[in-house]
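Following: one structure in structure tokens, then a few remarks.
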Amino acid sequence: MNALRRNVLKGAAGAGTVAVAVAAGLLKPTQVMAAWNEAAFEAKNVGDAMKGLGVSGPADSKDIAIKAPDIAENGAVVPVEVTSSIAGTTSIAIIAEKNATPLVGNFNLSGGAQGFVSTRIKMGQTALVRAVVKAGGKTYTSAKEVKVTIGGCGG
């Protein structure tokens, strides 16, 4: 049998199976993308972002480590790692304080996952990168200044 024909038939069978599952209500793709915090991500300042996250008066903690460059040569790609050694960490949010929309990411951790997040963010100018950690019903924060030489948010 021709290999191309075999691949086309396998692809058609797979697509047909997925279509039947969607039609039967077994798969609902709209449910996956519905769980984002619109108020927090569209906030224009840090206070509103924190309010959208449900955070008020977080305590400073030395148990949160932020690994980011002291000087970022290109603000369009700034590597950031956040490690929380606080027991029971359930979420880690990253905020770039002087960005037009400061909340960069909010990561929910479950099932005893390690409190670690690694990502790349955009920064328009030199600012504090703040990590907000929820653990044990309390919120904690830590910050590190990152100097940006070339802006990444349209600058």
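Worth a mention:
- In this simple spin-label approximation, Thr101 and Ala19 carry label points 7 Å from Cα along the Cα→Cβ vector, and these lie 3.5 nm apart.
- Sorting the segments 104-117, 82-95 by their mean number of nearby beta carbons within 10 angstrom, highest to lowest, gives 82-95, 104-117.
- Estimated FRET transfer efficiency (Lys147, Glu38; beta-carbon r; R0 22 Å; 0.05): 0.10
- Placing R0 at 30 angstrom, the Cβ-Cβ distance between Ala87 and Asn45 gives a FRET efficiency of 0.45 after rounding to 0.05.
- Judged by the ratio a/c of the largest to the smallest principal axis of the C-alpha gyration tensor, the stretch 44-97 counts as oblate, that ratio being 1.5 or greater while a/b is no larger than b/c.
- The mean sequence separation of alpha-carbon pairs under 8 Å and at least six residues apart, normalised by the residue count of the stretch 38-148, gives a relative contact order of 32 percent.
- Cross-link pairs exceeding 19 Å in C-alpha to C-alpha distance, out of Lys98/Lys138; Lys98/Lys134; Lys67/Lys144; Lys51/Lys147; Lys51/Lys144, comprise Lys98/Lys138; Lys98/Lys134; Lys51/Lys147; Lys51/Lys144.
- Each label point was placed 7 Å from the Cα along the Cα-to-Cβ direction; for Ser118 and Glu73 their separation is 2.1 nm.
Any read-out appearing in this document is the output of simple, stated calculations on the displayed coordinates, not a laboratory observation. Since the structure is predicted, the reported quantities are computational estimates derived from the model, not experimental observations. Please note: Cβ atoms are built from the backbone with ideal geometry, for glycine as well, and neighbour counts cover all protein chains shown.
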